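Okay, so here's the structure we're looking at.
The values are calculated or read from the model by the stated rules, or taken from the named source; none is laboratory data. Please read these numbers as outputs of a predicted model, since none were measured by experiment. Here the Cβ is made from the backbone with ideal geometry for all residues, glycine too, and neighbour counts use every protein chain on show.
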Amino acid sequence: MVRVSNNDRIFVLTGAGVSAESGIPTFRGVGGLWRNYRIEEVASPSAWRRDPRLVWEFYSMRRRVAREAEPNPAHLDLAKLEQRIGDRLFLCTQNVDNLHEQAGARRVVHMHGELFKSRCDSCNRAPFADARTYEPPAELPRCECGGRIRPHICWFGETPFEMNRILQALDGCTLFLAIGTSGVVEPAASFAAQVSGRARTVYVGPEEPANRYAFTERYLGKAGELLPSLFEVVERR
Ligand code: OAD
């Protein structure tokens, strides 16, 4: 049981595992490959330069899968926790689906971008809502400026979004909780180590993560099964 008191500020970091029970495959482990490509081979600026069609095929597949998915008890429980403790919860996800929002979470920080948004790879037009899928041999989407429209995703080698807010929230948290993330992709993999020593660090997921030594408590099991009875919110007057 994770006790949450009036003074706690919670930083929650979610990864692909939190959406696994909604039918969205994780990146690593069983079923973690797409057409024999590792994620790093289709989610990078060099893949985009080399073969933008391949990149769009990959993200179109992911848009199709995510469109069908519904939030599971883990997403719902985190939304409920946000309702109870408000902005003392900072919900940071590496996931690009919108299942936290669908579950009712209001303030989700998507450090790796959002699957249902696109942007131009040349001009500074703001990212925009976009759920289209690319079907070969159609033309790839173009911006009015002539640039290519790309998924609004942080690829390998690019800087995650909202890092200033994230670092500030890490600085102020008293409880750090990572859920369903293998602890190998930086910078998120280092967040737990960054706060350990001054904040409680908790991991939830079926397997030990690669950065397990940074956690003071580990709850091994599926997020959708553990989360609904994990928190004890103590409200003292
Ligand atoms: P991974 O695929 O690396 O890890 C998923 C984790 O979820 C594993 O540790 C599993 O044990 C765990 N897991 C599986 N089922 C679960 C369940 N029901 N409940 C809880 N946990 C479960 O995914 P991430 O760590 O999120 O980046 O990957 C980080 C980043 O790597 C992703 O955001 C993505 C990827 O490349 C980009 O696309 C930029």
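Would it be correct to say that SER60 is over 30 Å from GLN168 (Cβ atoms) and under 19 Å from the mean Cα position of the chain (by Cα)?
Details: over 30 Å from GLN168 (Cβ atoms): yes; under 19 Å from the mean Cα position of the chain (by Cα): yes.
Answer is yes for this residue.
Taking GLN168 and the conditions (1) under 20 Å from ILE10 (Cα atoms); (2) surrounded by 13 or more Cβ atoms within 10 Å (Cβ to Cβ); (3) not small (Gly, Ala, Ser), which numbered condition does it fall short on, given that it satisfies the others?
(2)
Filter segment 153-169 for residues that are out of contact with any strand residue (DSSP E or B) (no Cβ under 7 Å at 6 or more places or on another chain) and either under 22 Å from ARG28 (Cβ atoms) or in a loop (DSSP other than H, G, I, E, B) (or both) and give the result. Outline the logic, then answer.
First, the residues of segment 153-169 that are out of contact with any strand residue (DSSP E or B) (no Cβ under 7 Å at 6 or more places or on another chain): 155-160, 163-164, 167-168.
Of everything in segment 153-169, those that are out of contact with any strand residue (DSSP E or B) (no Cβ under 7 Å at 6 or more places or on another chain) and either under 22 Å from ARG28 (Cβ atoms) or in a loop (DSSP other than H, G, I, E, B) (or both) turn out to be TRP155, PHE156, GLY157, GLU158, THR159, PRO160.
What residue, of GLU70, GLU101, GLU41, is free of Cβ contacts under 8 Å to residues at least 60 places away in the same chain and in contact with a strand residue (DSSP E or B) (Cβ under 7 Å, 6 or more places away or on another chain)? Outline the logic, then answer.
Working: GLU70 fails: in contact with a strand residue (DSSP E or B) (Cβ under 7 Å, 6 or more places away or on another chain); GLU41 fails: in contact with a strand residue (DSSP E or B) (Cβ under 7 Å, 6 or more places away or on another chain).
That would be GLU101, the only listed residue that is free of Cβ contacts under 8 Å to residues at least 60 places away in the same chain and in contact with a strand residue (DSSP E or B) (Cβ under 7 Å, 6 or more places away or on another chain).
Would you confirm, using the coordinates I've provided, whether ALA131 is under 25 Å from GLU21 (Cβ atoms), exposed (fewer than 15 other Cβ atoms within 10 Å of the Cβ) and either of a type in the set (A, V, I, L, M, F, W, C) or at pLDDT 95 or above (or both)?
Numbers: under 25 Å from GLU21 (Cβ atoms): yes; exposed (fewer than 15 other Cβ atoms within 10 Å of the Cβ): yes; either of a type in the set (A, V, I, L, M, F, W, C) or at pLDDT 95 or above (or both): yes.
Judged against the criteria, ALA131 is a match.
So which residues in segment 125-169 are aliphatic (A, V, I, L, M), in the same structural domain as GLU186 (by TED's automatic domain parsing) and more than 16 Å from the ligand (Cβ to nearest atom), if there are any at all?
Correct list: LEU167, ALA169.
Filter segment 66-85 down to the residues that are crowded, with 16+ Cβ neighbours inside 10 Å and within 17 Å of the chain's Cα centre (by Cα) and list them by number. It would help to see each step written out before you state the result.
Here is the first cut: in segment 66-85, the residues crowded, with 16+ Cβ neighbours inside 10 Å are 66, 69, 71-82, 85.
Of everything in segment 66-85, those that are crowded, with 16+ Cβ neighbours inside 10 Å and within 17 Å of the chain's Cα centre (by Cα) turn out to be ALA66, ALA69, PRO71, ASN72, PRO73, ALA74, HIS75, LEU76, ASP77, LEU78, ALA79, GLU82.
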